[in-house]
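Comments concern the structure below.
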Amino acid sequence: MSVLVLAEHSHGKVLPATLTTVAAATKLGGDVHVLVAGADCKPAAEAAAKIAGVAKVLLADDARYAEPLAEPYAALIVSLAESYAAVLAASTTFGKNVLPRAAALLDVAQISDIVAVVGPDTFVRPIYAGNALATVKSTDAIKVITVRGTGFEPVKAEGGSAAIENATSADDPGLSKFVSRQESKTERPELTAARVIVSGGRGMGSGDNFKLIEAVADKLGAAVGASRAAVDAGFVPNDLQVGQTGKIVAPELYLAVGISGAIQHLAGMKDSKVIAAINKDEEAPIFQVADYGLVADLFQALPELAAELSK
Amino acid sequence: MKVLVAVKRVVDFNVKVRVKADGTGVDTANVKFSMNPFDEIAVEEALRLKESGKATEVVAVSLGVQQCQETIRTALAMGADRGIHVQTDEELQPLAVAKLLKAIADKEQPQLIIVGKQAIDDDSNQTGQMLAALLGWPQGTFASKLVINGDRAEVTREIDGGLETVSLAMPALVTTDLRLNEPRYASLPNIMKAKKKPIEATTPADLGVDVKPRLILVKVEEPAKRKSGVKVKTVAELVDKLKNEAKVIP
């Protein structure tokens, strides 16, 4: 039987999270089909058809899918799911919103946030902020799964040539309406796809001081992240939060500045390849996971670092 | 308007859990338990709706072992009016919890249900969405702002790229994110008063819900530990290590 991946796309492009979700889907066995839903989203379907390893693209092009509302999207998935062995989406706020709703309508459990596929019905997922890894076996006929991006190498965005088929729209229950969106504008890479991340914490002291972080990030072509404390204090917007209940990242280099290293923050970044930390408190728990630790005042160290990187 | 909130008893957020040597789970003996932090935010939001005259009653529900009554008492001490405890020693997975909460909602007929977006023990992030689905209600997940406007709920949601606002036809379900509010501490007089507030007890069998787990736990392991690193003395040394030893910057 085939497996279905709910794609995430924007402006005609498929997002990187979908590529790691397809990677997980290919490990389940069976053909991988990708569902592209949206309004005027043919270019995204064409992009999805090029993803390596995809056998078929289902295109649900309809005004009712113009905004990512959980109710019509879940109804669409339910209308298609019966002929699939599994339905997968990325563990993004989009996937996490839509997929459990679809799972309940199908009367199946969801396996959230998998980081490994052991077999077609058995998966590994982190629990307790990543302090334990649970292997679980699903007894349901349809496996509904969200995929943590850091657990899988993305498949190639090019190289495939899948057929595109139109999918019939499902009834929209009409319970919710989209009102508005405030998108964070940034020229920097997206956090979950960045090769390098420079993150600031409570120690930054103010939103204005994040300019010091940005200056270093710009030298490294890095994304900017933050701890919960920095977001709660209003220094930076919510979508920069790295941690157990924020974004989970695993870049090549994670530079934590003025972040003490609460377990909830470590849960979001401890799978990074290399971790470096700058903190004036040498007892800060962040140093226990850092490959390179520098005990220093960040207000001196950050400008020095930016200068050093310009050399 | 009646508001229902669900509160889960979880291992306290400050506890670093240890995996049991036999791989059957994590060690929860002699460990501090508390209300799931996201559920505290749910209780707080319901109380604020009551204090602003939008809600008339706040009912707190918890599901699980006998000690869940302590979690309900915490909600009552914060200001909830009464509690419902669905008592069982069985493991409850999100789909079963959603079914139990639906059975309670069918009886109680709230106009609004608020739950935490995620419990910090199993980190599933499912129950609210599942409950909304089973009730046929709209959902506003990961809320950082909630405004009740007549028969609609306007929910501002924390999403990956920023914020999004949706308008939901009530009755509706909302799941809380961290920035929705800052939960209050219960005062001593309110803790005393909470002892007299009623908690109704029921069971999955009473509610006619099959709670058999759909996911079988095969094993629980410790994640790979990171090797301890080195301290560098200067910024220049840090850059040198990152360039020439770790080779993560050009």
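The values are calculated or read from the model by the stated rules, or taken from the named source; none is laboratory data. Values in this document were obtained by computation on a predicted structure and should not be read as measured data. We place every Cβ from the backbone using ideal geometry, glycine too, and count neighbours over all the protein chains shown.
What the table shows:
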{"item": "Criterion (within 11 Å of chain A (Cβ to nearest Cβ), among the hydrophobic types (A, V, I, L, M, F, W, C) and surrounded by 20 or more Cβ atoms within 10 Å (Cβ to Cβ)) met by exactly one of B:ALA143, B:ALA153", "result": "B:ALA153"}
{"item": "Lone qualifier among A:PHE287, A:PHE299 - being over 16 Å from B:VAL239 (Cα atoms), more than 9 Å from chain B (Cβ to nearest Cβ) and either aromatic (Phe, Trp, Tyr) or not in a loop (DSSP other than H, G, I, E, B) (or both)", "result": "A:PHE299"}
{"item": "Selection status of A:VAL179, of a type in the set (A, V, I, L, M), in a strand (DSSP E or B) and free of Cβ contacts under 8 Å to residues at least 24 places away in the same chain", "result": "yes"}
{"item": "Residue match in segment B:39-52 (condition: surrounded by 24 or more Cβ atoms within 10 Å (Cβ to Cβ), at pLDDT 95 or above and outside any helix (DSSP H, G or I))", "result": "no"}
{"item": "Identity of the residue in segment A:20-44, in contact with a Gly (Cβ under 9 Å, 6 or more places away or on another chain) and of a type in the set (A, V, I, L, M, F, W, C), that ends up nearest to A:VAL179 (Cα to Cα)", "result": "A:CYS41"}
{"item": "Only listed residue being at the interface with chain B (Cβ under 9 Å from one of its Cβ atoms), farther than 29 Å from B:LYS227 by Cβ and either in contact with a Ser or Thr (Cβ under 7 Å, 6 or more places away or on another chain) or surrounded by fewer than 20 Cβ atoms within 10 Å (Cβ to Cβ) (or both), chosen from A:LYS211, A:LYS177", "result": "A:LYS177"}
{"item": "Residue satisfying condition, being in contact with a Phe, Trp or Tyr (Cβ under 9 Å, 6 or more places away or on another chain), surrounded by 20 or more Cβ atoms within 10 Å (Cβ to Cβ) and either farther than 20 Å from A:ASP40 by Cα or more than 8 Å from every other protein chain (Cβ to nearest Cβ) (or both), within set A:VAL57, A:VAL87, A:VAL115", "result": "A:VAL115"}
{"item": "Search result, residues across segment A:263-280 that are assigned to a loop (DSSP other than H, G, I, E, B), more than 9 Å from every other protein chain (Cβ to nearest Cβ) and within 21 Å of B:LYS16 (Cα to Cα)", "result": "A:SER272"}
{"item": "Meets criteria (facing chain B (nearest Cβ under 10 Å), touching a residue at least 24 places away in the same chain (Cβ under 8 Å) and over 21 Å from the mean Cα position of the chain (by Cα)) for A:ASP140", "result": "yes"}
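Residues checked against (1) modelled with pLDDT of 95 or more; (2) farther than 18 Å from A:ARG181 by Cα; (3) in contact with a helix residue (DSSP H, G or I) (Cβ under 8 Å, 6 or more places away or on another chain):
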residue	(1), (2), (3)
B:ALA169	yes, yes, no
B:ASP177	yes, no, yes
B:PRO189	yes, yes, no
B:ILE216	yes, yes, no
B:ARG226	no, yes, yes
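A quick yes/no check of all residues on (1) over 22 Å from the mean Cα position of the chain (by Cα); (2) within 18 Å of A:GLY159 (Cα to Cα); (3) part of a strand (DSSP E or B):
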{"residue": "A:GLY29", "(1), (2), (3)": "yes, no, no"}
{"residue": "A:ALA37", "(1), (2), (3)": "no, no, yes"}
{"residue": "A:ALA45", "(1), (2), (3)": "no, yes, no"}
{"residue": "A:ILE51", "(1), (2), (3)": "no, yes, no"}
{"residue": "A:LYS56", "(1), (2), (3)": "yes, yes, yes"}
{"residue": "A:ALA60", "(1), (2), (3)": "yes, no, yes"}
{"residue": "A:GLU67", "(1), (2), (3)": "no, no, no"}
{"residue": "A:ALA74", "(1), (2), (3)": "no, no, no"}
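Per-residue answers, yes or no, for (1) touching a helix residue (DSSP H, G or I) at 6+ places or on another chain (Cβ under 9 Å); (2) farther than 27 Å from B:LEU173 by Cα:
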{"position": "A:VAL54", "(1), (2)": "yes, yes"}
{"position": "A:ASP62", "(1), (2)": "yes, no"}
{"position": "A:GLU67", "(1), (2)": "no, no"}
{"position": "A:ALA81", "(1), (2)": "yes, no"}
{"position": "A:VAL98", "(1), (2)": "yes, no"}
